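In what follows, a single structure is set out as C-alpha cells and then discussed.
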Amino acid sequence: MHPVFSSNRGLQAIIVLWLALSFLLAFMVSEYSESGLADGLLLFTPWYFILLFFCLSNFYLCELLPLDNTRMARLLGAQGAAATVTALIWMTLGYFWAKYGPHSNAADPSAVFQSSMYINAALGGIVYIVWIIVHYAWLNARGNEEDNSEKLRQKLLISQIELQVIRATLHPHFLYNSLNMLANLSLAAPEKIHSLCVQMSDFLRYSVNYAKKDVVTVNEELAHIQNYLNIEQERFGDKLKLEYTVDNAARPEMIIPLILFPLVENSIKHGIDSSLDGGFINVEILKRSNELIFDISNSFDPTGIKPQSSGLGQQSLQKRIAAHYGVAARMNIHKENGLYRVTLSLPAVAVRSLEAP
C-alpha cells in the first residue's frame with residue numbers, strides 16, 4: 001500500500017497540497033493559453049488533480065523495480081513506458097473533459113486544451129518524474145531504516161545469546177567451588193555456613209532473575225558482585241583483600257545487568273587464583289557529569305600459573321555494551337607491573353533512556 005494511504009492525516013495533507021499545486025499549474029497554463037482565468041481554472045484544475053492518482057500509482061512500479069537490484073536499461077525502459085502510457089491516458093481524459101465537461105461559454109474548452117497541449121504534456125511529465133524521484137527516495141530511506149532495525153535486532157539477539165552462555169557457564173563453575181568450600185566449613189566452621197548460603201542464594205537469584213530485565217540499578221549490580229566476592233573471600237581467606245569505593249550519586253543510575261560480574265570473575269580467575277600469595281581486588285564506581293565510570297583493578301603474579309581462558313567473558317561484555325550503548329561506551333584494559341585494570345565508561349544520560357516505561 002502507498003504510504004500516503006497509511007494514515008488519514010497524511011492523505012488529507014497530500015490532497016490539500018495537491019489542490020494548491022493543481023490550482024497553481026492551472027493558473028500558469030491559463031496565462032499561457034490566453035484563456036480567461038476562470039475558464040482556465042475550471043478546465044485545468046480538476047484535470048491536474050487527477051494526475052495525483054496517476055503519480056501515486058507509480059509507487060508500486062518503483063517498489064517492483066528497486067534501484068539497487070534492477071539494471072539501468074530495464075529501469076529506464078519500464079519507467080519510460082509507464083510514463084508514456086500514463087501521459088496518453090491523462091491527455092485523453094483531458095481531451096474528453098475539455099469536450100464534454102461542464103464549462104462556461106466564454107471560451108471554447110477544446111480549443112483552449114489543444115492550444116496548451118504541449119505545455120500540459122511537459123508539465124505533466126515533469127510532475128511524474130518528480131514523483132518517481134520522491135518514491136525512490138522514500139523507498140531508499142525505508143530500506144535503510146529496515147536494515148538498521150535488522151542490524152540492531154541481530155546485535156541484541158547476539159547479546160542475549162551471549163548472556164545466556166555466560167549464565168550457563170557461570171553456575172556450574174561457581175557451584176563447584178562453593179560446595180567444596182561449604183563442605184570444608186561444615187567441619188571447620190559450621191557457624192559460617194548459613195550466611196554464606198544466603199549470599200549464594202542471592203547471587204544465583206540475581207543471575208537468573210535480573211538477567212531477564214533490560215536494566216538494573218548500579219546499586220543492585222554492586223550488591224551482586226559483593227555477594228560473589230564475599231563468597232570467594234571466604235574461600236581464599238587472607239589471600240584476598242577487597243576494597244570498594246562507590247560514589248553515592250552513581251547508585252540509583254540504570255545500567256544493563258551482569259556487566260560487572262565478568263570483570264570481577266576475571267580478577268579472581270586470572271589474578272587471585274593464579275597467585276600463590278593471593279592479592280587484592282579494588283572496585284571503584286564513580287559518576288562524573290553525564291558519565292558512569294567502573295574501575296576494576298586487581299593484582300596478578302606474572303610468573304603464576306594461568307588457567308586456560310577463552311576470553312569470551314570480556315569479549316561478550318564488549319559486544320553487549322557496544323550493542324546497547326554504541327560508540328558512547330568505552331572499555332579500556334591496562335596491564336602493567338603486576339596490576340590489571342579494566343575501566344568501563346558508560347553514558348549516564350543514555351543509560352536512563354534504557355529504562356522501560
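Cβ separations smaller than 9 Å between residues 6+ apart or across chains give the following pairs from segment 122-151 residues that are more than 14 Å from L56 (Cα to Cα) to residues that are open to solvent by 50 Å² or more (accessible area, probe 1.4 Å) and part of a helix (DSSP H, G or I): L123/M28; N140/L67; N140/D68; G143/D68. Taken together, the residues in segment 87-143 that are open to solvent by 30 Å² or more (accessible area, probe 1.4 Å) and not in a helix (DSSP H, G or I) amount to 7.
Residues of segment 197-218 that are open to solvent by 30 Å² or more (accessible area, probe 1.4 Å) and either modelled with pLDDT of 95 or more or outside any helix (DSSP H, G or I) (or both): K213, D214, T217.
The residues of segment 198-224 that are over 21 Å from H324 (Cα atoms), aliphatic (A, V, I, L, M) and touching a residue at least 12 places away in the same chain (Cβ under 8 Å), listed by number, are M200, L204, A223. I305 fulfils the conditions (1) modelled with pLDDT of 90 or more; (2) open to solvent by 40 Å² or more (accessible area, probe 1.4 Å); (3) over 22 Å from A223 (Cβ atoms); (4) more than 25 Å from the chain's Cα centre (by Cα) except for a single criterion, (1).
Yes or no: L229 assigned to a helix (DSSP H, G or I) and free of Cβ contacts under 8 Å to residues at least 24 places away in the same chain? So L229 does not fit the description; no.
Listed here are the residues, each with its yes/no results for (1) modelled with pLDDT under 75; (2) open to solvent by less than 70 Å² (accessible area, probe 1.4 Å); (3) over 18 Å from M91 (Cα atoms).
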{"position": "Q12", "(1), (2), (3)": "no, no, yes"}
{"position": "W18", "(1), (2), (3)": "no, yes, yes"}
{"position": "A38", "(1), (2), (3)": "yes, no, yes"}
{"position": "P46", "(1), (2), (3)": "no, yes, no"}
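For segment 249-291, what are the residues that are within 14 Å of V342 (Cβ to Cβ) and not in a helix (DSSP H, G or I)? Answer for segment 249-291, where residues must be within 14 Å of V342 (Cβ to Cβ) and not in a helix (DSSP H, G or I): I259, L260, I281, N282, V283, E284, I285. For segment 53-69, state whether one or more residues are over 35 Å from the mean Cα position of the chain (by Cα) and open to solvent by less than 70 Å² (accessible area, probe 1.4 Å). Yes: segment 53-69 contains one or more residues that are over 35 Å from the mean Cα position of the chain (by Cα) and open to solvent by less than 70 Å² (accessible area, probe 1.4 Å). When you check G237 against the structure, is it at positive phi and in a helix (DSSP H, G or I), yes or no? It is true that G237 is at positive phi and in a helix (DSSP H, G or I).
The values are calculated or read from the model by the stated rules, or taken from the named source; none is laboratory data. Quantities reported herein were computed from a predicted structural model and do not represent experimental measurements. Virtual Cβ from ideal backbone geometry, glycine too; neighbours counted across all protein chains shown. Ligands, DNA and RNA are stripped out before the accessible areas are found, and what is left, the full protein with its side chains, is counted by its heavy atoms. Shrake-Rupley method; radii C 1.70, N 1.55, O 1.52, S 1.80 Å.
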